[in-house]
Structure formats: structure tokens, C-alpha cells
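Notes to accompany the following structure.
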Amino acid sequence: MPSSSSSNSSSSSSGKSDDGIPQPDASDFTTETTPLLAASPVAVTADPNVASAIAEGSESHHPLLAKPEDKPLPILQILFLCYARLVEPIAFFSIFPFINQMVQENGHLDEVDVGFYGGLIESLFSLTQMLVMLLWGRAADRWGRKPVLVLSLVGVSASTSSFGFSRSIWQMVVLRCLAGVFAGTIVTIRTMISEHSTPRTQARSFSWFAFTGNLGLFIGPLIGGALADPAHQYPNVFGGVRFFEQYPYALSSIVVGCIGLTAVVTSAIFIEETLHKTKKPASGGSDGNEANTPPKPEPTSTLSLLKAPGVGIVLYNYGHAMLLGLAYSAIVPVFWFTTPALGGFGLSPLQISLFMGLTGLSQALWLLLAFPPLQHRFGTNGVLRACGTAYPFFMVIMPILNLILAQGTHAAVVTFWCLTSVMLVLAPGVSMAFTGVQLALNDVSPSPESLGTLNAMALTITSGLRAFSPILFTSLFAIGIKQHILWGYLVWVILTVIAIGFTISTRFLPAASEKDYDRDAVEPEREQE
């Protein structure tokens, strides 16, 4: 689509200008963007492609004009990154099916003490991950995304493989902490997907990223439960094998480690580096455009990043959304299991598994099919505000469903299952908020060089919440039921209040994620200030 500046350039490409000054012939230039780049006020501070788009439209603004920055999404790169993304959730969740039995056997503990040590070891992964996440982000900004990704994948694979060989609780603690130390994969992958994406394609790419995380959450426990203690689970195949009798949890750990090693290979061979720092040009360089282009700024400090416009409020909304998701995920299994008389649904283990599977499927469909067009139509902020509005209603409906089921009549049971079926389809739609806050984080990043650190800050928040929120909210659920506080619905009242807080906080999101935000129009103004 030609712009008005193109016609002006063509009309004055030869002969004389209105002032009588001789003009060079058009053949002197390879493209007409060269003189515009040299004259553009943003050409020396922005990406050349972006500067070219701004310069060509400087005389006549065309908000719908396709920009060179709207490059096609590199599908293969995104797929390889999503495969590497699988490793962290699989490593984290694979021990859940057998951790309590492993703790009891290795520590020779009484049954009443198993829960404490099992929960401690589960949380140590997230705790150590929280402590080192910023360091991985800074390393990725300094030495490159790919080296950090490959190194962290190697570490997670090795430590996870070794976990099944633990013969004491202290060995389990050390290896679980070591796996958390090397869990720098997720911050690096999120940053690389951001750098592969554009404002037009990031919704699609991060939908796949979120879907892969859910897939890992499903696969991890499946591997851990299916392959734990194979000598007793599958005596016809592994019975009498001394190795599996001596190390009953080694097989599942080795399989998870091998999945990580395949990700190491694919990442090392096929994934491309996305951090491209501009070298400082030689003073006597012959290319005038390169000589006028200073090197990109080094990554800013964490404190400076927090003070950058929009970063603080987006990080707050990020943490708020993650708190809601983690709290709900911790409560619903025990809520579904608890009898209706005590405030739950009274579901069997099979029904709980079906509920979790249907919830995960619905969530995946919302992310893959609904989120990209909704984000394109209403913008990231629009989707986040819609999720913020819906969240309190879905929290309130849970105790209402319990009240209906507790009536015990046939009509009440039919009504419960009809409403619950609708809830299983609609409620997971609020999970779009988790992808939305990631896109908002990308939008407020001051520079590409700071994106790794910014993602590390966000994931530090997530790791801290993941370490503490499950035990906090399940305890509140238990206290509310035992003490009959607020008719046993204490935790749902608290979650509803937190959800209302998220509804309010989404109203203060920065303009960078609004649907009609024109980044190219804003950046020159910032440069002039």
C-alpha cells in the first residue's frame, strides 16, 4: 500500500526542487527509505525497520498501514521453544504422585509427619527457583538466551534424574533444591518467544506457550504415577529386578530426565539466539547510517526497571492473577473431595480426575481458539478487564453450587450437574488472564535488553506464590470448615474479595496494552523528552 510520502519522493527524485536546489537522480539510492532514514528523528535510536515504517508515514499517518515489524511468526522456533517449555512443569509435578510414599519410606516416618515433609520437598523447588530467577534473567540478558536455556535444561535433567535414587530425606531435599536452581528455562523461553513475536502475533505464540505449560502439568503426574515403583505395579515385567526393588522411584525420574535431555539436544541444535546486541561502530566506518546508530543500551538495573513507566502496575496485576490461579488450583481438589454437608461436592477420585481433565481441556480451548481473536479485537487490556470482571462471579458460584447440592433432592442434584457442566466450560475462560498479563509485561518492557530481567522478576513473584499459597489457602479452607466460619465458606469469601481486587487493579493497566495504542507514534515523543 503506497503512502503519500512515497509519491512525494517520486515527484522530487530528479530535476530541481521548488527552491531551485539540484536534486540527485533516483538511481543514486537503492531504496527510497535511505534518505528518509537519515532524516528521521528516530532512525538513530530505534530498530531500522521500525524507523523505516515511521519515516515513510511521517507526512501522513496511516494507523492501519502494515509495518515491516509485522513479520511472520517463526512457527518452528516457537514449537521447539514450547517443547523445551514442557520440561519445567513435568519436572515439578512428576513427583507429586509418589512423594509422600517416598518420604515415608526414606525417612521411616509416622503417617502424621508425612504431609509436612512431603509438602516441604514439593515447595523447595519453587523456593529455590524464586531465589535464583533474577540471576538467570540477568545472565540471559548479558550472555544470551540460548546458552542459559541449554545450561538450565542440562541442570534440570540431571538433578531430576538423580532424584529417584535418593535414599534419605536430606538427599531428596538437596536434589529438589538443585532442580529449582536450574529452573531458569521458563524465564528464558518466555523472553525468546516475546522476541520472536510482534504485537500482531504474540497472542498466538503465548497461547501455545500457555497450552504447553498445561500439557506439562498433565504429563508430569501421569509419568510419575505410572512409572513409580514398577516392581510392584507391574510385577510381570519388573518383578524380581533388584535395581527397581532397591530404587523404586528411579524409573519415573530417569524418564523425566531423558525428556529433558531431548529438549537439550533440540534446543542446542535448532533454536536460534534472539538477543542481538548492536556492536559499537568504528569511528571511520563508511556507512553513514551505521555510524549514526549507537549501540543498544545495556540491561537496566532491577530498581530502574521497577521505576519504568507501567512496569510496577503490570507486575502487580501479574502477581494478583497468579495468586488467584494458584489459590484456586490448591483449593478445588480438596473442595471437590469434601462432602456436601461440610461444604464441598463429595466427588469420587475418578470424578475429580474427570473434572480436572475437562477443566484443563476447556482452558486449552479458550487459550488456543478464543484468546487470539479476542485479544486482536479488544486488546490485551480489554481481555484482562473482562477476566477481572468475571473472576468474582466464578468464585461466588462455587459455594452456591454446594448449597444446591446439599439440598439432597433429585431436582437439586439435576440442577447442580447442569450448572456445573456450564461452569466447566465457561469458568476456565478466566485463565486467559494468565496469558494476558504476560503480553502486558512484554508491552511495558523499556527495551529488548531488559526483557529477560523483567520476565525473571515476574517469575520470581510466581515462584514465591507457588511455594506459599497452596498451604495457606488449603489451611484457610480447613479452618473455615472446622470452625464453621461464615457457614464454612471462609476461603471462598476471601477469594471473592481478592478477585474483586483484581477487577479493580485491571482498570489501572497502562496504555501500552490498549487496542488502539500506537507504539510508533509514542516512541518519538519519548525520545524528544
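Starting from the Cα of Leu361, step 7 Å toward the Cβ, then list every residue of segment 412-452 with an amide N under 12 Å from that point. So the set is 425.
The mean sequence separation of alpha-carbon pairs under 8 Å and at least six residues apart, normalised by the residue count of segment 372-467, gives a relative contact order of 33 percent. Of the peptides 243-256, 81-94, 152-165, the order by per-residue mean of other Cβ atoms within 10 Å, starting with the highest, comes out as 81-94, 152-165, 243-256. Here the label points at Val237 and Leu472, each 7 Å from Cα along the C-beta direction, are separated by 4.2 nm in the simple model.
Taking the average, over residues, of other Cβ atoms within 10 Å as the packing measure, peptides 482-491, 257-266, 380-389 rank 380-389, 257-266, 482-491 from highest down. If R0 is 35 Å, the Cβ-Cβ spacing of Trp487 and Leu222 corresponds to a FRET efficiency of close to 0.40. Packing-based ranking of 497-504, 447-454 yields 447-454, 497-504, ordered from highest to lowest mean Cβ neighbour count within 10 Å.
Just so you know, all these numbers are worked out from the coordinates, no wet-lab data involved. Since this is a predicted model, take the numbers as computed values, not measurements. Glycine gets a Cβ as well: all are built from the backbone with ideal geometry, and neighbour counts include every protein chain shown.
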